[in-house]
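In what follows, a structure is listed as structure tokens, so that the remarks can point back to it.
The values are calculated or read from the model by the stated rules, or taken from the named source; none is laboratory data. Quick caveat: nothing in here was measured; it's all calculated off a predicted structure. We place every Cβ from the backbone using ideal geometry, glycine too, and count neighbours over all the protein chains shown.
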2 protein chains.
Amino acid sequence: MAVKKRNTTGAAAGRKSAAPAADADTEQRILDAANSVFLRRGTAGARMQDIAAEAGVNHALLHYYFRSKERLAEAVFRRAATRLLPPVVAILASDLSLEEKVARVVHHELDELRAAPHLPGYLLSELNHHPERAGQLVQALAGVDPERIRPAIFGTLAKQIDERVKAKKMRAIAVEQFIVNLVSLCIFPFAARPMLNTMFGWKEEEFARFVERRRGELPSFFLDALRP
Amino acid sequence: MAVKKRNTTGAAAGRKSAAPAADADTEQRILDAANSVFLRRGTAGARMQDIAAEAGVNHALLHYYFRSKERLAEAVFRRAATRLLPPVVAILASDLSLEEKVARVVHHELDELRAAPHLPGYLLSELNHHPERAGQLVQALAGVDPERIRPAIFGTLAKQIDERVKAKKMRAIAVEQFIVNLVSLCIFPFAARPMLNTMFGWKEEEFARFVERRRGELPSFFLDALRP
DNA sequence: GCCATGTTTGACAGGATTGTTAACGCGAAT
DNA sequence: ATTCGCGTTAACAATCCTGTCAAACATGGC
């Protein structure tokens, strides 16, 4: 049971800022461990003890830093969601060309998910069990209600699509369908990875190749579907 | 605490067949309740007591019929998966035209999922936590190893695609990408339903309209992507 | 060296959860 | 009517899990 502490010498004083958080070493280690365990086992399936073990600390410490399991779970959830959603929204709301947007979303998502394969399954599962969190989430990320930012985000994209359609350079499609199609194609394969692996008889390596190939083909597949 | 029993009078004798199961009334009621609770809360989040309550029986009965929570969970999982996968495989492996296959898969999936919205989230989540079940599953459904049936299923589809491509009537695409794209577009929106609802500010009714529209547009969207 | 403050731990309380068991009810066969 | 056996239940046992606490510990300031 080799123990290791290491509180990077100094600089561990300033607890007590009103701001959300910005702290030490152990707290981070706990968050990392929680992230790992929650993503692997799901919130309900995870045990505080396991997280403590993975962080190499006594499980009372988890409560010292994060009060309760639920709080810890929320922290992990926020962290996970932050990693996946804002970039997509930012890209879609930017003033890039449609082609560029599609390509960037595909590349960003696939790269991100390649590194954290459990993310989609975890997020989808959590959102299904706690739908209310979706609202809090969007709100937390944007700083305001969903209501307020929605037009800003989808407005630009919708206008872009409309113009294209009017110029007969693209088939008509609702913004919602556009977005859902795009993210479906990006995210689903990761959420369904275990299923795909057995259905196609893949090992991890072959799944990786599949994704690599997909990264290249998906943008044109998607855009081709909208050719007039 | 109103109690209700009701063992539909006669016809509750024949327990004791060597075969998997084919039985009475209570067992079915328990399975239904378990299905409902497991899908809503996830396997780890579900409590035997809740299932018993929803089935209107003492929780010891769950153990009488299904031995343990894990066994019950497996039964529910099998049932859920059976509902979603085999039809798709059957359609894809049939000798219908490509257009027809795509349309049927889309319609079947969307109709099925409309009735059981929690299904995809549940299945994906379970498969992520117990990847080994995927194998057992395919095996159970087909009666043999995945290895054995894979060519039979994807062979026909692959040949169909190849012919089209050679005749210059379709862009080249790997069977795996073809299938993954198709089911991604069908299943993902349901798995992500809570997210979509908040992102777009939908109520259930608007989500339903979204799906209805999707049912009509998805087949051509998908096929158009493959036009030469 | 000694105190003050924030960190870490072992031990434990309280409660929830799964699983077991012994008895009861009730219909079917004799 | 009696017996037999399945279905059902209440009560219980055992474990597991979260959350709390007081005490030990480390560390920087004096």
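Tell me the helices (runs of 4 or more DSSP H) entirely within the range B:53-151 that contain at least 1 residues that are more than 16 Å from DNA strand D (Cβ to nearest atom), touching a Pro at 6+ places or on another chain (Cβ under 6 Å) and under 26 Å from residue B:223 (Cβ atoms).
Helices (runs of 4 or more DSSP H) meeting the threshold: B:98-115.
Restricting B:52, B:60 to those that are among the small types (Gly, Ala, Ser), away from chain A (no Cβ under 14 Å), within 13 Å of DNA strand C (Cβ to nearest atom) and touching a helix residue (DSSP H, G or I) at 6+ places or on another chain (Cβ under 7 Å) reduces the list to B:52.
The residues on offer are B:184, B:220, and the sole one that is in the same structural domain as residue B:91 (by TED's automatic domain parsing), assigned to a helix (DSSP H, G or I), over 19 Å from the mean Cα position of the chain (by Cα) and on the phi < 0 side of the Ramachandran plot is B:220.
Within the range B:83-112, the only residue that satisfies the criterion of being farther than 19 Å from residue B:152 by Cβ, β-branched (Val, Ile, Thr) and under 14 Å from the mean Cα position of the chain (by Cα) is B:106. I'd like to check something: does the range A:57-78 contain any residue that is surrounded by fewer than 20 Cβ atoms within 10 Å (Cβ to Cβ) and under 30 Å from residue A:161 (Cβ atoms)? No, that holds for no residue. Here residue A:199 fulfils each of the conditions (1) on the phi > 0 side of the Ramachandran plot; (2) out of contact with any Lys or Arg (no Cβ under 7 Å at 6 or more places or on another chain) apart from (1).
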